[in-house]
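Structure first, commentary second.
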Amino acid sequence: MNIVEPGSVALVTGGRGGIGHAICNDLARSGYHVVSIDLSPVVLGEERAEITQLQADITDDTEVSGAVSLAAAKGQLKAVVNCAGILRNLLVDAAPGSDISNMWEVNVAAMARVCHFAVPHMPQREAAIVNIGSVSCRLGRWSVGASMYAATKAGVETYTRYLACELAPSGIRVNAVVPGLISVPMSDAMKAVTGGEDASAHLVPMKRYGTPEEIADAVGFLLSDKASYITGTTLVVDGGVTIA
């Protein structure tokens, strides 16, 4: 576990989801004060001193700006993790509409929005950003109905590379983590795309789904000083799916 300096703050979007929740917990254990943003309401009784939970819409400039300002007021904003994402199961004969727009807004535009407001608060040469992609953008065989979702996640990787170059002179590192099939509660759309855990785990060379904690470990590494010379890269954590 990487232990950070006292007063370090991490901002995590999608913090109430399976992967996001694991990331928040891991960063809190490392010593960050974590500001977790999610559209889902905060449940009473889940408060922890080291994690501030906010209900906010990351597609709204005002709400994102307010969340970032709150995070920056708690200490040095040294880490940003863009984990929020939505999946809609859309075959090609589905009419373009709000589902496509919503995926783009949450998966790509909101990521850029968070970075826009956060970067001015981040200390140079001491901060890092990690964006969460998806193995779907590297495959076709599991993406029936997920073509537009996969396209947004390709956007995550591309944005990461370009932002890394833009911020490299300031010493702020930007990387991406691409999870494979991860054992989290599946939405109906995810079940339709993958066939469900029982139907698809055998297709993973390691013969199992990954855990949210394994993704959190990868994120923690890329945010840590151990990754001090790594920027603009994508760390694939997929049990071998993309090489099979």
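The values are calculated or read from the model by the stated rules, or taken from the named source; none is laboratory data. Remember, predicted model here, so these are calculated numbers, not experimental data. Methodologically, a virtual Cβ is constructed for each residue, glycine included, from the backbone with ideal geometry; neighbour enumeration extends over all protein chains shown.
Here are some notes:
- Members of segment 105-125 that are in a loop (DSSP other than H, G, I, E, B) and either within 12 Å of the chain's Cα centre (by Cα) or among the hydrophobic types (A, V, I, L, M, F, W, C) (or both): M122
- Residues that are within 12 Å of the chain's Cα centre (by Cα) and not in a loop (DSSP other than H, G, I, E, B), drawn from segment 1-26: L11, V12, T13, G18, I19, G20, H21, A22, I23, C24
- Considering segment 1-53, the residues that are charged (D, E, K, R) and in contact with a Ser or Thr (Cβ under 8 Å, 6 or more places away or on another chain) include one that is nearest to P179 (Cα to Cα), namely R16.
- Boolean, G14 is at pLDDT below 95 and at positive phi: no
- Test result for P169, surrounded by fewer than 17 Cβ atoms within 10 Å (Cβ to Cβ) and part of a helix (DSSP H, G or I): yes
- Listing of strands (runs of 3 or more DSSP E) fully contained in segment 27-91 that carry 3 or more residues being surrounded by 23 or more Cβ atoms within 10 Å (Cβ to Cβ), touching a residue at least 40 places away in the same chain (Cβ under 8 Å) and not hydroxyl-bearing (S, T, Y): 76-82
- Extreme residue, nearest to I215 (Cα to Cα), among residues of segment 132-166 that are surrounded by fewer than 15 Cβ atoms within 10 Å (Cβ to Cβ) and at pLDDT 90 or above: T158
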